[in-house]
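Trainee: Quick one: structure below, then a few questions.
The values are calculated or read from the model by the stated rules, or taken from the named source; none is laboratory data. Quantities reported herein were computed from a predicted structural model and do not represent experimental measurements. Quick reminder, even Gly has a Cβ in these numbers, built from the backbone with ideal geometry, and neighbours come from all protein chains shown. Calculation scope for accessible area: heavy atoms of the full protein, side chains included, ligands and nucleic acids excluded. Shrake-Rupley method; radii C 1.70, N 1.55, O 1.52, S 1.80 Å.
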Amino acid sequence: MAVPISQMWTVASYVLKKRLSGQKRYPLVLMLEPLFRCNLACAGCGKIQYPAHILKKELSPEECFRAVDECGAPMVSIPGGEPLMHPQIGEIVEGLVARKKYIYLCTNALLLKEKIGLFKPSKYLTFSVHLDGQREHHDFSVCREGGYDKAVEGIREAVKRGFRVTPNATLFDGADPNSVRAFFDEVMALGVEGIVISPGYSYDKAPDQKHFLGRARTRRLFRAILSNREKHWKFNMSPLFLEFLMGKRNYQCTPWGNPAYNIFGWQKPCYLLQDGYASTFSELMETTVWEEYGTESGNPKCANCMVSCGYEPSAVNDMFGTWRGFFSAVRATLFDKYQDRGARDLLNSAQFAGHSSPSLVQISGDAKPQMEETRV
């Protein structure tokens, strides 16, 4: 695991304080969206499908700081849209660093080399660069030729200047596990701190509804990818969440773990679903019927979800909130390379054959979301 000790200690002490105080629901990461507009039009994204007058809007630095202070989470993820398109993004990040929040600024890196002078290297700031696999797969996924090379150029510049950098890959149905493993080799060679991965989520507004992974297929894919790991691979994530993706653990969703704030307010119930908005964080926590969300709820919108923003908080709470979880995480970090002969066979199986060409996103007007079994 490539998370710095200072960050781990901050999160661990925060979780312990919350649990000792008897608080059952608390945020771990604030998903702060200062704008929705972007310089890409990825087929799997539901954030850029808003009308033009909405895409022109953005949060002010003061609104961002107020949300961060109100939420109180130790970490802040800044997705979008493309945050580097915000004219005051440097001021926003500077204010969050001053508050000693651990920040993951999510970017496709097309503007990173141009905008990097707005920021100073800090243990509190990480550039989370969107890369959905090797060059051919990434460019097809983001619907832009040359996007991979531009992102890699930005990564190299950020690493050279001493910034923390983590590639962030979202995997869709059709992903080639052998290519993903080769992608891990490529990005680690760039000098990044670690890798972040997650299965895609079927946003209602996304143009492509055909290639989002179901839970059973997610487990098969991530078992093939994450078993028999190479020693130099590092992941900037909870090792227990990675085990969850591989089918080695069962967690219930923690939808309040990564609350989202954007130009509309506090999004109910989470970053991925839009079931209304609250005007304050307290209202979000107190008025949302949390029992109606997550796989166990039977909500069809949640049936296939295994995304990090819902399930990594569950893994982190297990890791820092129970002795069993803590020792499991230590063992996974220090010793377990997940040797698995069956997973090696999966890499060469017909199930994953023929995925060498781009097949991550295929736009189809008649594509409909399909329910899938939620357990295997």
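Trainee: Tell me yes or no: at least one residue of the range 110-122 is open to solvent by 10 Å² or more (accessible area, probe 1.4 Å), at positive phi and either in contact (Cβ under 8 Å) with a residue 24 or more places away in the chain or small (Gly, Ala, Ser) (or both).
Mentor: Within the range 110-122, not a single residue is open to solvent by 10 Å² or more (accessible area, probe 1.4 Å), at positive phi and either in contact (Cβ under 8 Å) with a residue 24 or more places away in the chain or small (Gly, Ala, Ser) (or both).
Trainee: If Leu125 passes every condition in (1) touching a helix residue (DSSP H, G or I) at 6+ places or on another chain (Cβ under 7 Å); (2) over 26 Å from Phe183 (Cβ atoms); (3) open to solvent by less than 10 Å² (accessible area, probe 1.4 Å) but one, which one does it miss?
Mentor: Only one criterion in (1) touching a helix residue (DSSP H, G or I) at 6+ places or on another chain (Cβ under 7 Å); (2) over 26 Å from Phe183 (Cβ atoms); (3) open to solvent by less than 10 Å² (accessible area, probe 1.4 Å) is unmet by Leu125, namely (2).
Trainee: Now for a separate question. Could you run through the range 223-249 and say how many residues are buried (at least 23 other Cβ atoms within 10 Å of the Cβ) and either among the β-branched types (Val, Ile, Thr) or part of a loop (DSSP other than H, G, I, E, B) (or both)?
Mentor: Summing the residues that are buried (at least 23 other Cβ atoms within 10 Å of the Cβ) and either among the β-branched types (Val, Ile, Thr) or part of a loop (DSSP other than H, G, I, E, B) (or both) in the range 223-249 gives 3.
Trainee: Tell me, please, whether a residue that is open to solvent by less than 40 Å² (accessible area, probe 1.4 Å) and either outside any helix (DSSP H, G or I) or among the charged types (D, E, K, R) (or both) can be found in the range 52-71.
Mentor: yes
Trainee: Find the helices (runs of 4 or more DSSP H) located wholly in the range 99-168 whose residues include 3 or more that are at pLDDT below 95, and list them.
Mentor: On the way: elements: 112-115, 135-142, 147-160.
Of the helices (runs of 4 or more DSSP H) lying wholly inside the range 99-168, those with at least 3 residues that are at pLDDT below 95 span 135-142, 147-160.
Trainee: Considering only residues that are in contact with a helix residue (DSSP H, G or I) (Cβ under 9 Å, 6 or more places away or on another chain), touching a residue at least 40 places away in the same chain (Cβ under 8 Å) and either surrounded by fewer than 15 Cβ atoms within 10 Å (Cβ to Cβ) or at positive phi (or both), which ones fall in the range 2-19?
Mentor: The answer is Leu16, and nothing else.
Trainee: Being touching a helix residue (DSSP H, G or I) at 6+ places or on another chain (Cβ under 6 Å) and open to solvent by less than 10 Å² (accessible area, probe 1.4 Å) is the filter here; which residues of the range 77-94 pass it?
Mentor: Within the range 77-94, Pro83, Leu84, Ile89, Ile92 meet the criteria.
Trainee: Could you check Pro27 against (1) part of a loop (DSSP other than H, G, I, E, B); (2) open to solvent by 20 Å² or more (accessible area, probe 1.4 Å) and say which number it fails?
Mentor: (2)
Trainee: Please state which of the following conditions Gln339 fails to meet, knowing it meets all the rest: (1) more than 14 Å from Arg215 (Cα to Cα); (2) in contact (Cβ under 8 Å) with a residue 12 or more places away in the chain; (3) in a helix (DSSP H, G or I); (4) not basic (Lys, Arg).
Mentor: (3)
Trainee: Name the residue, out of Gly200, Gly257, Gly265, that is modelled with pLDDT under 95 and either out of contact with any Asp or Glu (no Cβ under 6 Å at 6 or more places or on another chain) or open to solvent by less than 10 Å² (accessible area, probe 1.4 Å) (or both).
Mentor: Just one listed residue meets the conditions, Gly200.
Trainee: Identify the residue in the range 277-317 that is hydrophobic (A, V, I, L, M, F, W, C) and part of a helix (DSSP H, G or I) and, among all such residues, is nearest to Tyr261 (Cα to Cα).
Mentor: By that ranking, first place goes to Phe281.
Trainee: Of the residues Glu291, Glu296, Glu283, which single one is more than 14 Å from Arg25 (Cα to Cα) and open to solvent by 50 Å² or more (accessible area, probe 1.4 Å)?
Mentor: Selected residue: Glu296, the only one of Glu291, Glu296, Glu283 that is more than 14 Å from Arg25 (Cα to Cα) and open to solvent by 50 Å² or more (accessible area, probe 1.4 Å).
Trainee: Within the bounds of the range 20-43, is there any residue that is among the hydrophobic types (A, V, I, L, M, F, W, C), touching a residue at least 60 places away in the same chain (Cβ under 8 Å), farther than 20 Å from Tyr271 by Cβ and touching a Phe, Trp or Tyr at 6+ places or on another chain (Cβ under 9 Å)?
Mentor: Scanning the range 20-43 turns up no residue that is among the hydrophobic types (A, V, I, L, M, F, W, C), touching a residue at least 60 places away in the same chain (Cβ under 8 Å), farther than 20 Å from Tyr271 by Cβ and touching a Phe, Trp or Tyr at 6+ places or on another chain (Cβ under 9 Å).
Trainee: A further question on this structure: Which ones in the range 221-280 are among the basic types (Lys, Arg) and closer than 30 Å to Asp336 by Cβ? Break it down into steps so the answer makes sense when it comes.
Mentor: Restricting attention to the range 221-280, the residues satisfying the condition of being among the basic types (Lys, Arg) are 223, 229, 231, 234, 248-249, 268.
Matches in the range 221-280: Arg223, Arg229, Lys231, Lys234, Lys248, Arg249.
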